[in-house]
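Working notes, structure below.
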């Protein structure tokens, strides 16, 4: 029993000196990330920011259980990460199942999490409402816009009531207006549900807007990615903060400037 | 109730019965006109073909027995479709009955082939050891001409219905199994990953992700299989094939009834086109997401 308590009290995610290498033999071996240590506390909204190719997606995939750390330790709630064990993942593309309706996609997730058949319709409607798609359960996925599809993907990831939500540049393919709206929704969702979020992006603006804590990753040419800097975002935010107003504050501009400078500096650093 | 609906209905009903075309009509009309033109082109091509055929016959390049005229073929078509002088059609059955029996064999054969081929393809596509053992066997079967194993089937199953159905099963199973296996292997990895993230286990991945994702290709496989069954039905009906369109053709061949052979060929071809169109429609209904994201 005391063991169970330590697990609950421990961090949601713990990475210790994680290195990921790809390749079959020594010659083709490439190191994607090297020596990354990281802890995510319960309920924290952490953003992993950096240029493309710096290994942030690799790191997220390690936490999701899709990728295994070549060296070091990765733990989610005290055990080795495995897909489908209480961690929700939202990818850059919606990845909806086209042979299922919008509601069917969510019902699939509900079924995998043991929600009895007779409760699925109600839960599906509830989840769709949470992402602003009430009444769209019967639609085919391709009838929805890109932004709506991504909302379905978010609802689907939330269906299992994950303690940890991993988001890999979920809004990168969306237009600016849709992106802004979804950013705000995700922030509110995370804040109200107390879900721990690890959010990957290459945008400094998005990082400052969403994260309470921003980790900067970089991979200077020829060297593996690592976490080079950490920034605490202490913007005055409540659930009804207007993101546009927030963006206009000097604090926001300062943090975004700091972060951009850090990212730029990190990209040119020698390993 | 009548009060509320009353003002609405008369508003539309007493209007003139729309003698003028609606505003969107010109475009539809143009489309219909285009479709008509293509249909007309087909008819012209058919007429040219028939004309050329008639010319060849009139020139008497070959004896009439070898190359009958379109008129004779038509006559045989009418003869084989009716009861005349107490004779029922061709070889004792009407053309439509021959065709019906053959179609039934094709239906049963490909039906069993789907029932066995899809699970087999799923296993081959998903389970490596099974693929190693069974995939060469499927390829082996696929390359065999049906006439090659007909003799064996006759020895085993006699000359009744079962060897014919077995032949059609053996002929149409490999394309279905192969298409299913290939499709199951090429299920987009990103969908597999999404499903795993949602908590899908191996069985659920196979049945709820790989199978539906492979459905478009499976249906293409079924269409190919029906085609193969069609091309094999004449072989299947080589022995004791009457009634059956293949049997009818064999019979006609025995008595040098060239026109009847041609009637049989045309009947097979036309029904094949129809059936393929039907399967295409089924495909559209079953996999509306085909070609979409």
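So here's what we get for this one:
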{"read-out": "Selection status of residue B:67, in contact with a helix residue (DSSP H, G or I) (Cβ under 9 Å, 6 or more places away or on another chain) and within 19 Å of residue B:247 (Cβ to Cβ)", "value": "no"}
{"read-out": "Complete set of residues in region B:86-135 that are buried (at least 16 other Cβ atoms within 10 Å of the Cβ) and in a strand (DSSP E or B)", "value": "B:90, B:93"}
{"read-out": "Flag for residue A:68 being surrounded by fewer than 21 Cβ atoms within 10 Å (Cβ to Cβ) and outside the structural domain of residue A:21 (by TED's automatic domain parsing)", "value": "no"}
{"read-out": "Residue A:73 being within 29 Å of residue A:13 (Cβ to Cβ), more than 9 Å from chain B (Cβ to nearest Cβ), touching a strand residue (DSSP E or B) at 6+ places or on another chain (Cβ under 9 Å) and surrounded by fewer than 21 Cβ atoms within 10 Å (Cβ to Cβ)", "value": "yes"}
{"read-out": "Filter result for residue A:220 (surrounded by 15 or more Cβ atoms within 10 Å (Cβ to Cβ), under 22 Å from residue A:35 (Cβ atoms) and modelled with pLDDT under 85)", "value": "yes"}
{"read-out": "Test for residue A:84: is it crowded, with 17+ Cβ neighbours inside 10 Å, at positive phi and within 14 Å of chain B (Cβ to nearest Cβ)", "value": "yes"}
{"read-out": "Residue that is nearest to residue B:271 (Cα to Cα), among those in region B:205-225 that are within 14 Å of chain A (Cβ to nearest Cβ) and within 22 Å of the chain's Cα centre (by Cα)", "value": "B:219"}
{"read-out": "Residue among B:55, B:141, B:66 that alone is modelled with pLDDT under 95 and not in a helix (DSSP H, G or I)", "value": "B:66"}
{"read-out": "Check on residue B:195, in contact with a helix residue (DSSP H, G or I) (Cβ under 8 Å, 6 or more places away or on another chain), within 14 Å of another protein chain (Cβ to nearest Cβ), buried (at least 17 other Cβ atoms within 10 Å of the Cβ) and modelled with pLDDT of 95 or more", "value": "yes"}
{"read-out": "Evaluation of residue B:270 against (1) within 14 Å of chain A (Cβ to nearest Cβ); (2) surrounded by fewer than 16 Cβ atoms within 10 Å (Cβ to Cβ); (3) under 23 Å from residue B:172 (Cα atoms) (one fails), failing number", "value": "(1)"}
{"read-out": "Residue in region B:171-192 that is within 14 Å of chain A (Cβ to nearest Cβ), part of a helix (DSSP H, G or I), crowded, with 23+ Cβ neighbours inside 10 Å and out of contact with any helix residue (DSSP H, G or I) (no Cβ under 6 Å at 6 or more places or on another chain) present", "value": "no"}
{"read-out": "Helices (runs of 4 or more DSSP H) contained in region A:95-199 and holding at least 2 residues more than 13 Å from chain B (Cβ to nearest Cβ) and crowded, with 18+ Cβ neighbours inside 10 Å", "value": "A:117-130, A:146-158, A:176-193"}
{"read-out": "Leading residue by the ranking (surrounded by the fewest Cβ atoms within 10 Å (Cβ to Cβ)) among those in region A:236-269 that are at pLDDT 85 or above and under 20 Å from residue A:38 (Cβ atoms)", "value": "A:262"}
{"read-out": "Filter result for residue A:233 (under 22 Å from the mean Cα position of the chain (by Cα) and crowded, with 20+ Cβ neighbours inside 10 Å)", "value": "yes"}
{"read-out": "Counted residues, region A:55-84 - those being within 13 Å of residue A:19 (Cα to Cα) and outside any strand (DSSP E or B)", "value": "12"}
{"read-out": "Hits in region A:133-151 - residues which are under 20 Å from the mean Cα position of the chain (by Cα) and over 22 Å from residue A:61 (Cβ atoms)", "value": "A:146, A:147, A:148, A:151"}
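The values are calculated or read from the model by the stated rules, or taken from the named source; none is laboratory data. Owing to the predicted nature of the structure, the values given are computational and were not obtained by experimental measurement. Here Cβ is always computed from backbone atoms with ideal geometry, including for glycine, and neighbour counts include all displayed protein chains.
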